[in-house]
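This report refers to the structure that appears directly beneath it.
Computed from the coordinates by the stated procedures, all read-outs in this text should not be read as laboratory data. Note that this is a predicted model, so its numbers are computed, not measured. Neighbour counts run over all protein chains shown; Cβ positions are idealised from the backbone, glycine included.
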Amino acid sequence: MFNSRFVPWILLAAALLGTVIQIAVYGPQLPAAIGSHFNDQGVRDGSMSRIMFLILFGGLQFGLAGMMLGMGKLMRVLPISMINIPHREYWLHEDRCDETLAYMQHIMVWIAAVTAIFMVLTFQLTIDANLAGPEPRLNMPVFWAVLAGFLLAVGAICVIILIRFGRTPKQG
């Protein structure tokens, strides 16, 4: 039977694999100077070398994922006073602490997955812009849609956390 707890891991793995594929497939095709920053009209206003772009892309993608997964693990060794959730005293009481920390660690996997998907999509837009011709233009409507999706997903995760921890069972 399929376990839904694996969903964020599958999404994260797919986004990281997508990153490796993007670097391997598109890296050699990209021009020597990459348009790496675009204004609100999608016009390039910053650039960097292809190798720096690919290193930055891979480093950010894997570094952010590792940092978020590490933060999930780190919660298990931090003093409880450093963990900020609503009703901390209740949810991190010794009777519930392990379950709460396991849940928060799972949430960090979701955040890592959503961020990795956002990154792989954003970098694909950047790659597409740079392969389109000598004057790269970012597809701004698609970028705004990707950004909105990312912000909605992060907002939904925050709401889920608040629903879970916003009240104690005694409060109803």
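Numbers below:
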read-out: Estimated 222 nm signal from helices in the chain, with DSSP H stretches of n ≥ 4 weighted -39500 (n - 2.57), rounded to 500; value: -22500 deg cm²/dmol
read-out: Charge context of Y103, other residues only, Cβ under 13 angstrom, K/R +1, D/E -1; value: +2
read-out: In sequence order, calculated HN-Hα J values of the stretch 19-30 (Karplus, 6.51, -1.76, 1.60; Hz; x Gly/Pro); value: 4, 4, 5, 4, 5, 5, 7, 8, x, x, 7, 6
read-out: Theoretical gain in end-to-end length, A148 to L74 [0.36 nm per residue, Cα-Cα removed]; value: 23.7 nm
read-out: Candidate values (1) 1.26; (2) 2.34; (3) 0.99, label of the one derived for Cα Rg over 2.2 N^0.38 Å; value: (1)
read-out: Top of L17, L78, L101 by mean-square fluctuation, Gaussian network on the chain, Cα under 10 Å; value: L78
read-out: Burial order of peptide ranges 147-157, 27-37 (average beta-carbon count within 10 Å, highest first); value: 27-37, 147-157
